[in-house]
1. Just to be sure I understand, how many residues within the range 66-105 are in a loop (DSSP other than H, G, I, E, B) and of a type outside the set (Lys, Arg)?
2. Select from the range 75-129 the residues that are among the polar types (S, T, N, Q) and touching a residue at least 40 places away in the same chain (Cβ under 8 Å) and write down the one among them that is farthest from Asp25 (Cα to Cα).
3. When you go through (1) in contact with a Ser or Thr (Cβ under 9 Å, 6 or more places away or on another chain); (2) modelled with pLDDT under 95 one by one for Gly90, which number turns out not to apply?
4. If you check Asp98, Asp77, which single one turns out to be among the acidic types (Asp, Glu) and surrounded by 14 or more Cβ atoms within 10 Å (Cβ to Cβ)?
Amino acid sequence: MRFFILLLLPLFIFGADFDWVDSLDKAKKLAKKENKLIMVMVSQKGCEACEYMDEVTFEDEKLIEFIENFYIPVKIDIKDAKKYGFKAFGTPTFYFLDKNAKQIGRQLVGAGSAKAFLEKLKEYKRMVK
């Protein structure tokens, strides 16, 4: 039993401290209800840059707090991106939507530091009046 718990421990230590919404439809409803923006992360299994974002970038406390306060985060697999109208030439690709699901600015492609990503999130937030 202790061995099993030790195997699960890294799952609780690593990974974002905010909860990803499991569908874009749910994210749209929450965004309207909570008056927040939507952050869409198009990712795929085995993507090292996606793992970096989850395990390093999204561990930053300032970034977590900002996302929790102003965004509804949702992950979409690259295989499903097209049906939602998203293009992804690489992963991760991030789209930012207003509470009415209208795209804000341009998409971001690739991984980055928490500081740089936080600045981009603030920039997208300023674009919405």
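1. Of the residues in the range 66-105, 12 are in a loop (DSSP other than H, G, I, E, B) and of a type outside the set (Lys, Arg).
2. Taking the range 75-129 as the starting set, the residues that turn out to be among the polar types (S, T, N, Q) are 91, 93, 100, 103, 107, 113.
Among the residues that remain, those that are also touching a residue at least 40 places away in the same chain (Cβ under 8 Å) are: 91, 93, 100, 113.
Details: Thr91: 21, Thr93: 19, Asn100: 11, Ser113: 29 Å.
Ranking the qualifying residues of the range 75-129, first place goes to Ser113.
3. Exception for Gly90: condition (1).
4. On inspection, the qualifying residue turns out to be Asp98.
The values are calculated or read from the model by the stated rules, or taken from the named source; none is laboratory data. Since the structure is predicted, the reported quantities are computational estimates derived from the model, not experimental observations. Quick reminder, even Gly has a Cβ in these numbers, built from the backbone with ideal geometry, and neighbours come from all protein chains shown.
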